[in-house]
Amino acid sequence: QVQLVESGGGLVQAGGSLRLSCTASGRTFSNFPMGWFRQAPGKEREFVAVLANGGGTTYYADSVRGRFAISRDNAKNTVYLQMNSLKQEDTAVYYCNTVRLSTTGWSGIGSWGQGTQVTVSS
């Protein structure tokens, strides 16, 4: 069974950096577009970043463009999210998933993992 495990979250001050990791087991994801999403308290899960075409084109939400960077290591079956210049509004649980693009935007299509909590303090 496919399992996605996110890690790397934590508590960081505004302006700081974190690198999140998402490791997949049970399936090789090197040829699949992968994405990061986040869900803040009381809000719906939202798209953050996507790495499409096996590691080529990237897409970012306007709120994180220029601060976050998505990448992958196919040998480790792992996707990363480097987060710089963090803001309090980045506080959320972050999830990864395989993704697809529809008329409503990017959405996760696999089973969701536990996520990893990112808390940005002032």
Between 76, 87, 43, which gets the highest mean-square fluctuation from a Gaussian network model of the chain, Cα cutoff 10 Å? 43
Going from most exposed to least, what order do 44, 6 have by accessible area with a 1.4 Å probe? 44, 6
In nm, give the distance between the simple-model label positions of residue 82 and residue 28, each being 7 Å from the Cα along the Cα-to-Cβ direction. 2.6
Rank these by accessible area, largest first, 1.4 Å probe: 94, 80. 80, 94
Roughly how big is the chain's charge dipole about its Cα centre, with Cβ charges of +1 (Lys, Arg) and -1 (Asp, Glu), in debye to the nearest 20? 160
Provide, for q = 0.13, 0.15, 0.20 Å⁻¹, the log10 of I(q)/I(0) from a solvent-free Debye sum over equal Cα point scatterers in region 26-122. -0.42, -0.56, -1.01
Using the heavy atoms of the protein chains and a 1.4 angstrom probe, tell me the accessible area per residue for region 20-61 in square angstrom. 49
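The values are calculated or read from the model by the stated rules, or taken from the named source; none is laboratory data. Just so it is clear, the structure is predicted and the values come from calculations on it, not from any experiment. As a convention, Cβ positions derive from the backbone with ideal geometry for all residues, glycine included, and neighbour counts pool all protein chains shown. Only protein heavy atoms, including side chains, enter the accessible area calculation; ligands, DNA and RNA are left aside. Shrake-Rupley method; radii C 1.70, N 1.55, O 1.52, S 1.80 Å.
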